[in-house]
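Report on the following structure.
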Amino acid sequence: MHGKKSEICKCNPCTCKDLNSLDQNLQKPALISWNVTFRCPLRCPHCYMDAREGDNRAELGTEDALKVIDQIAALGTRVLILSGGEPLLRSDIFELATYARECGLHVSMGTCGILIDDDVAIRMKKAGIRKAAISLDSAEPQMHDRFRGLPGAWSRTVEGIRACLRHSVGVQVNITILQENYRQIAEIISFCESLGVTEFQLFFLVPTGRGTAVEDITPEMYETIIHSVMEKTASGTVTIRPTCAPQYTRIRAQLGMEQAAFPGCLAGKQYLRIYPTGDVTPCPYLPLTIGNVIRTPLAEIWHNSAVLKDLRNPEQLEGKCGACEFRNVCGGCRARAYGLHRAVGNSCGKLDELGTSAGNYLAEEPWCPYIPEVAGGVP
């Protein structure tokens, strides 16, 4: 039994008994991000899902979605992120969130924020959604609207943040860092602090989906921003987490700082992504399917996937990542390695099948300027 309302496990096939026969020494995924829909009212140039308004691609229905939640809870995951597209476009989203909470999961929602008003925030709170991760990419309305592809998006997003805070729904502001806004990070954080936000997540670009056509910042800019993040978090007033920047852990180690709770690239180690169709990938930015939860139990995918076993073994890393003395705490971004070592970019948000792509998820991190201290140089 996984939830207060569920006397009989809905897994098909049931994963509960399978867990007892699998490797119990392997840590369970601490969090799972679930893209519950392809639909989105925005048109962001970096979207890894290629989500859009009126998207009619097939998605799991309510019955199958509840079974997926059972599998996630049975695996021992603590945090479930309901994302999209825009998850609030699913008519059953509060039913799913409520059920996940009753199964013992800590539920968060990744949203653009423009659909959140007081009524929606109240429903989010009632459903047990602890935190809304809301995207805001500039303190300047025109820049945010241009980036998100919708006039008026900034003001509606800010109102969504305020509505959540009014009704005691936690807010984390997500900032995607690009050439256009990387000099404004401090300004964005200061503006959000004035609203009452103290949690931030910085998203560094990964070349997948529509993001393959977006110009990224340089590796040196990455390093500068990461150092700035550490200086800001040292003040103790805000929490800032870099995403898709595992070199953060290498820099902390170089400075003799204590490691963060989730060091390095989490893909396949403490993190999984579920696609709207039920396909599973190591993370949202590594579009390589390793199974489907409707056909294969999630526990079986987690324990037996050859791709995940590769990602968990730093000795498998290639190039300078394989030679790096920080490979056990960093490991490089596997999604960026995969995306930038592909012969053809994936701009349509579709998933690759194992063995059919030119991507290499074990290649060296192409956006890290650090040169390992190894005898004889880097192989």
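The values are calculated or read from the model by the stated rules, or taken from the named source; none is laboratory data. Since the model is a prediction, treat every value here as computed from it, not as a measurement. Note: ideal-geometry Cβ built from the backbone for every residue, glycine included; neighbour counts use all protein chains shown. SASA here: full protein model, heavy atoms, side chains in, ligands and nucleic acids out. Shrake-Rupley method; radii C 1.70, N 1.55, O 1.52, S 1.80 Å.
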### Restricting the range 109-130 to residues that are under 18 Å from Arg273 (Cα atoms) and free of Cβ contacts under 8 Å to residues at least 60 places away in the same chain, the residue that is surrounded by the fewest Cβ atoms within 10 Å (Cβ to Cβ)
Met109
#### Entry: Number of the exception - Gly278 against (1) farther than 30 Å from Thr37 by Cβ; (2) touching a helix residue (DSSP H, G or I) at 6+ places or on another chain (Cβ under 8 Å); (3) modelled with pLDDT of 95 or more
(1)
### Query
Are any of the residues in the range 75-93 free of Cβ contacts under 8 Å to residues at least 40 places away in the same chain, touching a Lys or Arg at 6+ places or on another chain (Cβ under 8 Å) and either of a type in the set (Ser, Thr, Tyr) or part of a helix (DSSP H, G or I) (or both)?
no
### Query
Residue check: is Thr37 hydroxyl-bearing (Ser, Thr, Tyr), modelled with pLDDT under 90, out of contact with any strand residue (DSSP E or B) (no Cβ under 8 Å at 6 or more places or on another chain) and crowded, with 18+ Cβ neighbours inside 10 Å?
no
### Query
Which is over 30 Å from Pro372 (Cβ atoms) and either among the small types (Gly, Ala, Ser) or crowded, with 21+ Cβ neighbours inside 10 Å (or both), of Ser235, Ser228?
Ser235
### Message
Based on this model, can you work out whether Ile217 counts as closer than 16 Å to Ile185 by Cβ, open to solvent by less than 50 Å² (accessible area, probe 1.4 Å) and not aromatic (Phe, Trp, Tyr)?
### Response
yes
### Message
I need the full set of residues from the range 131-155 which are farther than 18 Å from Val214 by Cα, part of a strand (DSSP E or B) and open to solvent by 20 Å² or more (accessible area, probe 1.4 Å), in order please.
### Response
Lys131
### Task
Might you let me know whether the range 44-67 holds any residue that is farther than 26 Å from Leu178 by Cα, among the hydroxyl-bearing types (Ser, Thr, Tyr) and crowded, with 18+ Cβ neighbours inside 10 Å?
no
### Message
Restricting to the range 279-315, give me the number of residues that are open to solvent by 20 Å² or more (accessible area, probe 1.4 Å), closer than 27 Å to Leu205 by Cα and polar (S, T, N, Q).
### Response
1
### Task
Determine the pairs where a residue that is over 17 Å from Glu373 (Cβ atoms), located within the range 326-339, has a partner that is polar (S, T, N, Q) with Cβ atoms under 6 Å apart, the partner being 6 or more residues away or on another chain.
Gly339/Thr208
